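**Q** There's a structure below that I have some questions on.
The values are calculated or read from the model by the stated rules, or taken from the named source; none is laboratory data. Computed from a predicted model, the values in this text were never measured in an experiment. Note that each Cβ is placed from the backbone with ideal geometry, even for glycine, and that neighbours are counted across all protein chains shown. Areas reflect the complete protein model, heavy atoms only, side chains present, ligands, DNA and RNA absent. Shrake-Rupley method; radii C 1.70, N 1.55, O 1.52, S 1.80 Å.
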Amino acid sequence: MKKKVILAGGTGFIGKYLTDKFNQLGYEVTVIARTSPHITWDNHAKIVEALEDSELLINLAGKSVNCRYHEKNKAEILKSRTETTHILGAAVLACKNPPSLWLNSSTATIYRHAEDRPMTEASGEIGTGFSVDVAKEWESAFFSFDLPNTRQVALRMAIVLGENGGVIDPYKNLVRFGLGGVQGSGNQRFSWIHVEDIFQIILFLKERTDLSGVFNCSSPHPVTNREFMQHFRSVMNRSFGLPSPKWMLEMGAMMIGTETELVLKSRWVIPERLEREGYQFRFAHIDKTLQDIVK
């Protein structure tokens, strides 16, 4: 019998990457999503059947935060995370032989805006505001389940960088058209992680049966926005990029239907637990990462 991995919310950029990687390792990957041909969220029996005898449940579900934060979108962002987590928890409880590990997405945005010091799992300060409230409720929903046969790990992911999705294409376009200068002050920290390290961290945590709880999934070497844009221009052979002051970003965000928080919040996050437990990053530095993914 093939080893089974269940990917909830697995139709996006990270999910597709993980599907390919697990297929290469010989796993049978089943995806839970909003629409067929995947198992849909309203089909409790099929979700339980899929989870039965599986090794690993990975939940990536959630509406994209790349939108305007009006009341309708805010409600959907929250519901799409907490409701799906509750559905999965109920399904795990219904299994006779549940997955031994459940990895649930969370976000490094749970920490406050930080330009003074890095945030770790032990000493990081939880922030305030809508995005932080979502992160707190998401983790609260996840850890509300008492699952004696299933280890639970919340992955507080920084911005995930990869070749075929995420934020890379928008940044490429900015640099390509001469707009790849600093955004806002340029001093805000940019915490990031290569999608390959997400996959490797999952494998690491699968083997380390002694580990559970919260893990920061972020490169150990975050950079400032100024440094990030310098590296991006360098890898695309552009010597100059016009800066984008805050007022311009506010106007642009309104025009393209997003929020400036995604660019202006200083996320200074360090993967203290992973490094202490011996995980070694494949992509620890931004220059090597951008060289790998910006083609």
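**Q** Pull out all pairs, ordered by first then second residue, where Cβ-Cβ is under 6 Å, the residues are six or more apart or on different chains, the first lies in segment 76-103 and is closer than 11 Å to Q152 by Cβ and hydroxyl-bearing (S, T, Y), and the second is modelled with pLDDT of 95 or more and in a helix (DSSP H, G or I).
**A** T85/A141; T85/F142
**Q** In the set V132, V153, V175, V195, which member is closer than 23 Å to R238 by Cα and hydrophobic (A, V, I, L, M, F, W, C)?
**A** That would be V175, the only listed residue that is closer than 23 Å to R238 by Cα and hydrophobic (A, V, I, L, M, F, W, C).
**Q** Could you tell me whether segment 9-29 includes any residue that is open to solvent by 20 Å² or more (accessible area, probe 1.4 Å), in contact with a His (Cβ under 8 Å, 6 or more places away or on another chain), at pLDDT below 95 and not small (G, A, S)?
**A** Looking through segment 9-29, at least one residue is open to solvent by 20 Å² or more (accessible area, probe 1.4 Å), in contact with a His (Cβ under 8 Å, 6 or more places away or on another chain), at pLDDT below 95 and not small (G, A, S).
**Q** Additional query: If I filter segment 105-149 down to residues being surrounded by fewer than 19 Cβ atoms within 10 Å (Cβ to Cβ) and of a type in the set (V, I, T), which single residue comes out as nearest to L60 (Cα to Cα)?
**A** Residue satisfying both the conditions and the ranking: V132.
**Q** Related question: Does segment 203-214 contain at least one residue that is over 30 Å from L57 (Cβ atoms) and out of contact with any strand residue (DSSP E or B) (no Cβ under 8 Å at 6 or more places or on another chain)?
**A** no
**Q** Out of (1) at pLDDT 95 or above; (2) of a type in the set (A, V, I, L, M, F, W, C); (3) open to solvent by 60 Å² or more (accessible area, probe 1.4 Å), what's the single condition that is false for L242?
**A** For L242, the exception is condition (1).
**Q** Further question: Could you check W268 against (1) touching a residue at least 24 places away in the same chain (Cβ under 8 Å); (2) within 25 Å of N164 (Cβ to Cβ) and say which number it fails?
**A** Exception for W268: condition (2).
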